[in-house]
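I have placed the structure first, in the form of structure tokens, so that the comments after it can refer back to it.
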């Protein structure tokens, strides 16, 4: 049930109540949207009543972001559910996500209450499926035949699912819902038509298809005792490693600084020799090859102290770049690149967010910066809508995630 009252979160002017957009700003405040450096912005539908476009008001130059500021308050502009543009403040990013999830649960699972774990807590956490029902967290074509359904679900085997895959905030479940369905319905070529946030071809030299795209791909050439997986992987002469994020607050740090100080592999976050070991990184002592390859692709050297260690906060991005840049024992930027796909509403991936800082710190250290690219889920979904591709999927992505 919608609230009887709602106010613009910026000027407090009474507004039409909306459960879908509880923090939308009024028309007058929307007209004041600017970039971080204060330039006025115009947002618009780039197709008839659909799609999203943004440009600078002073010269018409394209503005490659949804992020904007109104009276110094960070906001996010996007295509509205039934057309037009809506701008919302983003201070309560996770709270707004949770509200959307619970509305989605209510409308889509009203007869499957037993499929969920733990009591309702709409303002505190997302809905969580019980272990045996976690497959329901994947968006599946309502008209899928048994083979299509099975192929989609098995893209990420049960044993490869993340700990909280059954939470509606799972980035792995989101990735499987979007990238997995694009694979199942032979539609991955749409990614080849997209540009990254810097205007580069997102896929670049790679040839992507359902035949050479995989999820939770095991990397077995970095010397890791237990090979970890890539969220998405494009194989071939030119390979791509894909890292997917949703509501995470960072891209993924090294786990060693999180160990107890009494543990043998504990690290204080600095690339320095410690009394308990002869190498600057405990992973080197375990014969992991990261620091053998890093100096070839990055400006970071391995023969001196680095304080802090550049892999401390940037571990996951660096690892994905190495996974793309190493092939048959040869390390080269010509072998491939890594892609970070993120939620553009997430403050962690906006200006000065931890995810954005890690991305640029990693990219700036690359000898060939094009080895790391990023693109929002919003850009991918928008392109799907423009091409009327898998409309049942884009409709449900809007309902569940607000994408």
State which residue is farthest from residue 21 (Cα to Cα) when the search covers only segment 378-394 and only residues that are over 19 Å from the mean Cα position of the chain (by Cα) and without any contact (Cβ under 8 Å) to a residue 60 or more places away in the chain. 388
Tell me which helices (runs of 4 or more DSSP H) are completely within segment 335-403 and hold 1 or more residues being closer than 18 Å to residue 45 by Cα, or say none if there are none. 377-386, 391-401
Looking across segment 343-352 at residues that are out of contact with any strand residue (DSSP E or B) (no Cβ under 6 Å at 6 or more places or on another chain) and touching a residue at least 40 places away in the same chain (Cβ under 8 Å), the single one that is nearest to residue 236 (Cα to Cα) is 343
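Go through segment 223-246 residue by residue and tally those that are assigned to a strand (DSSP E or B) and farther than 25 Å from residue 401 by Cα.
First, pick out the residues of segment 223-246 that are assigned to a strand (DSSP E or B): 229-234, 239-244.
Subsequent filtering for residues that are farther than 25 Å from residue 401 by Cα retains 234, 239-240.
Residues in segment 223-246 being assigned to a strand (DSSP E or B) and farther than 25 Å from residue 401 by Cα: 3 in total.
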Qualifying residue in segment 11-20 (condition: surrounded by 16 or more Cβ atoms within 10 Å (Cβ to Cβ) and under 25 Å from the mean Cα position of the chain (by Cα)): yes
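Hey, can you tell me all the residues within segment 31-74 that are assigned to a strand (DSSP E or B) and either more than 29 Å from residue 388 (Cβ to Cβ) or in contact (Cβ under 8 Å) with a residue 60 or more places away in the chain (or both)? Let's see the steps before the verdict.
We begin by selecting, within segment 31-74, every residue assigned to a strand (DSSP E or B); these are 34, 40-44, 47, 50, 53-56, 62, 67-70, 73-74.
If the condition is that a residue be assigned to a strand (DSSP E or B) and either more than 29 Å from residue 388 (Cβ to Cβ) or in contact (Cβ under 8 Å) with a residue 60 or more places away in the chain (or both), then 34, 40, 47, 50, 56, 67, 69, 70, 73, 74 are the ones that fit.
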Please find, within segment 205-222, the residue that is surrounded by the fewest Cβ atoms within 10 Å (Cβ to Cβ) out of those that are free of Cβ contacts under 8 Å to residues at least 24 places away in the same chain and part of a loop (DSSP other than H, G, I, E, B). 220
Is it the case that some residue within segment 305-328 is under 14 Å from residue 372 (Cβ atoms), touching a residue at least 24 places away in the same chain (Cβ under 8 Å), part of a strand (DSSP E or B) and under 23 Å from the mean Cα position of the chain (by Cα)? no
If you check residue 126 against the conditions, is it surrounded by fewer than 16 Cβ atoms within 10 Å (Cβ to Cβ), under 22 Å from the mean Cα position of the chain (by Cα) and at pLDDT 90 or above? no
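The values are calculated or read from the model by the stated rules, or taken from the named source; none is laboratory data. Fair warning: this is a prediction, and the values are worked out from it, not measured in the lab. Every residue, glycine among them, receives a Cβ derived from its backbone with ideal geometry; neighbour counts consider all protein chains shown.
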